[in-house]
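The values are calculated or read from the model by the stated rules, or taken from the named source; none is laboratory data. Just so it is clear, the structure is predicted and the values come from calculations on it, not from any experiment. Backbone-built Cβ (ideal geometry, glycine too); neighbour counts: all protein chains shown. We work out accessible area using only protein heavy atoms, side chains counted, and drop any ligands, DNA or RNA first. Shrake-Rupley method; radii C 1.70, N 1.55, O 1.52, S 1.80 Å.
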Amino acid sequence: MAINGRTKKKDIPEGLWLRCPGCEEMVFRKRVEENLHVCPECAYHFRVGARQRVAMLVDTDSFEEYLPNLMSPDPLGFGDRKSYIERLADAQRQTNLYDAAVVGRAYIRGRPVVLGAMDANFIMGSMGSVVGEKITAAIERATELGLPLVICCASGGARMMEGILSLAQMAKTSAALARFDQAGGLYIAVMTHPTTAGVLASFGSLGDIILAEPGAMIGFTGPRVIRQTMKQDLPEGFQTAEFMFEHGFVDRIVARRDLRSEIASLVDYCD
Amino acid sequence: MARACLEFEKPFAKFEEQIRQLERDQRSRNVDHSAEIRSIRHSLVAMIRNTYDALTPWEIVQVARHPDRPQTADYVAAFVKDFKELHGDRLFRDDQAVICGFGRIGGEKVAIVGHQKGRDTREKVACFFGCAHPEGYRKALRVMRLAEKFGLPVVTFIDTQGAYPGIGAEERGIADSIAVNLREMALLKVPIVGTVIGEGASGGYLGIGIADRLLMLQYAYCSVITPEGCAAILWRTAEKAPDAAEALHLTAAHLEACGVVDEIVPEPLGAAHRSPREMATTLERRIGRRLRELKRIPTDELLQQRYQKLRCVGVVVEADKH
Ligand SMILES: [Zn+2]
């Protein structure tokens, strides 16, 4: 189920300046972009799209994409206040992606890996059949090739518009990871803002090593639903990367600028 | 005790009351109403059948949640012999939202894992209304590993609206507990026969939901999220739950069509809650048949089939290349 409560759109709007949600200051857009979409004043980590994420992690021109043209045919003919077909078309136009994940083979500082990245701007980064299929294919390729696997999660959870098919992707990706694990593969999961619900409760949490970006929202059930059930306020910093770290579900909180080198050196320990 | 009555069941009650009156009259005045009773019974059966044939998805959700609908503990009591319940996750506490243990079904030794919602208020609170915490999923995994160690097939009963939405559940890693179960169940070296007996919603269902054969009772439902939850997000009001139930394609027929469910188990006339004993007899037979079928499959082959079954669910197409 997708969480869509607290996470407001934090894309970088057009224009020379933008207001940083972290420090509330107006910051020069170009400086943020040059700084891997991190606020130069307060280190607030802005959302990055799947392609930007790949670009900032891999060695130049080393990314070889798998299944780039996969898309959803709207298997249920789903519509709420808006039809799923329209939502898909809008998201495709906004992100220039066919769906919420990009997967492929790449080099990170000279180390070959299979890499996946999700895009929170594509229907909340939700997982339907396409995301499930791409992630599963990536895991299977990593298993065949004997390569480390890195997945950067950014998701509101299973995509409601594909009903049970979306839920089934949790089982599918996890089953593929079970085989990858059995074959001795290294999987590094990177939790970025937001990593929630069905993605957190499947491949998101199954990393041999789990890294998280500072301040990322990470949790299973949406805060609104928890507040309703518990009838009490949620603790300060609830469901953040830091909260998950404190409770033992994240190995390391890693700033975006260090992610490449962290992944490279972890791969060296586990090959 | 008066049976809880759904809106569309109310007309049945009228006929039932007529039958009771005629029967009382027969006894007290020693007259014969048997022809009339038979005729009303006929009409009642026809009415129930017609009503149930025409249920909307939202009405099916109501049936799946019927207060008198048999739960895991009822099926265990009905057909699991010598049940030895096993408690606790060895880490935090015993979560009563999940019942686990050893038992015999048709002479076959099995491990049982099932959600339990509870019947009366006290029991419901103790079971968190069937919404498990991490410790429930971890207890389930502990018992499934025991089953694997001793070569016992696993029989699961699914009946939940989802994992428990609470602070403690998040602090103790509810997502981790579900994810680990998905990974471990995918490679569990014993057969798994699952049945969705009522509600199968969200990751909370899936946390014990992987199976070699997944059965689903005729009026159970399975969904990525409860219709209310879906409506609250997409329609921005839980009142649109009936629309969400329709859109989510959550009925047994849909689940079978998309390859998630292997077999629909027919319910007695008017659904499981009207004849729990008949329901239990049917389910026992179907589970027994699946256990015998799976027993003949070598473990390697079983795991290969399980993977393919999970692997092939989903619908994707290639975009037209520009
Ligand atoms: Zn800032």
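Starting from the Cα of B:Lys295, step 7 Å along the direction of its Cβ; do the same at B:Glu246; then give the gap between the two resulting points in nm. In this crude label model, B:Lys295 to B:Glu246 measures out at 4.7 nm. Mind grabbing the base-10 log of I(q)/I(0) for the stretch B:127-172 at q = 0.16, 0.24, 0.27, 0.28 Å⁻¹? Debye formula, identical points on the C-alpha positions, no solvent, two decimal places. Scattering profile of the stretch B:127-172, log10 relative to I(0): -0.52, -0.88, -0.98, -1.01. For A:Ser155, the residues 5 or more places off, or on other chains, whose built amide H falls under 5 Å of its own are A:Thr195, A:Thr196. Counting only Cα atoms, the size of the stretch B:14-54 along its three principal axes is 40, 16, 8 Å, in decreasing order. Pairwise inverse Cα distances across the stretch A:121-271, averaged and inverted, put the Kirkwood hydrodynamic radius at 15.9 Å. Dimensions of the stretch A:73-205 based on its C-alpha atoms, expressed as ranges along the principal axes with the largest first, amount to 46, 28, 24 Å. With coordinates expressed along the principal axes, the C-alpha atoms belonging to the stretch B:200-305 extend over 50, 36, 22 Å, beginning with the largest. Free of any GluC sites (Glu not before Pro) that DSSP assigns to a loop and that have at most 12 other C-beta atoms within 10 Å, the longest stretch within chain A is A:25-235. Paramagnetic label reach from B:Cys5 (point 7 Å along Cα→Cβ; backbone nitrogen cut-off under 20 Å): within the stretch B:262-292, residues B:269-276. Rg and Dmax of the stretch A:49-117, both derived from C-alpha coordinates alone, stand at 14.9, 48 Å.
With protein chains left intact and a 1.4 Å probe, residues in the protein assembly as shown average 41 Å² of accessible area per residue. If you plug the beta carbon distance of A:Arg51 and A:Tyr269 into 1/(1 + (r/R0)^6) with R0 = 30 Å, you get a FRET efficiency near 0.55. Shown here are the Rg and Dmax of the Cα trace of the stretch B:179-255, at 14.0, 44 Å.
For the pair B and A, the buried accessible area comes to roughly 5200 Å² in total, with a 1.4 Å probe and the value rounded to the nearest 100. The convex hull built on the alpha-carbon positions of the protein assembly as shown has an orientation-averaged projected area of 29.3 nm².
Given N residues in chain A, what is its alpha carbon radius of gyration divided by 2.2 N^0.38 Å?
0.96
Compactness of the stretch B:29-145 is given as radius of gyration and Dmax, 20.3, 67 Å, from Cα positions. Once neighbouring chains are kept in place and the probe is 1.4 Å, which whole percent of the accessible area of the stretch B:14-54 is contributed by carbon and sulfur? Using a 1.4 Å probe with all protein chains present, the stretch B:14-54 comes out at 47 percent carbon and sulfur.
Compactness ratio for chain B: Cα radius of gyration over 2.2 N^0.38 Å (N = residue count) comes to 1.08.
Under 1.5 on a/c is rounded, so check that first for the stretch B:61-216, then, if it is not, pick prolate when a/b is larger than b/c and oblate when it is not; a ≥ b ≥ c are the square roots of the alpha carbon gyration tensor eigenvalues. Rounded is the answer for the stretch B:61-216, as its axis ratio a/c remains below 1.5.
Under the simplified labelling scheme, the B:Val315-A:Arg29 pair shows an inter-label distance of 4.0 nm, with each label point 7 Å from Cα along Cα→Cβ. Go ahead and collect, in residue order, the members of the stretch B:59-86 whose backbone nitrogen is under 11 Å from a label point 7 Å along the Cα-Cβ direction of B:Ile19. In the stretch B:59-86, the label zone of B:Ile19 (backbone N under 11 Å from the point 7 Å along Cα→Cβ) covers no residue. Between B:Ser28 and B:Ala54, the FRET efficiency estimated from the beta carbon spacing at R0 = 41 angstrom works out to 0.60.
Within the accessible area of the stretch A:122-255, the carbon and sulfur atoms contribute 48%, probe 1.4 Å, all protein chains present. Rounded to the nearest 20, the Cβ-based charge dipole of chain A about its Cα centre (Lys and Arg +1, Asp and Glu -1) stands at 640 debye. Reported to the nearest whole Å, the Cα centre-to-centre distance from the stretch B:37-51 to the stretch B:208-272 is 28. Per-residue shielding of B:218-227, expressed as the average number of other chain Cβ atoms within 10 Å of the residue Cβ, stands at 4.
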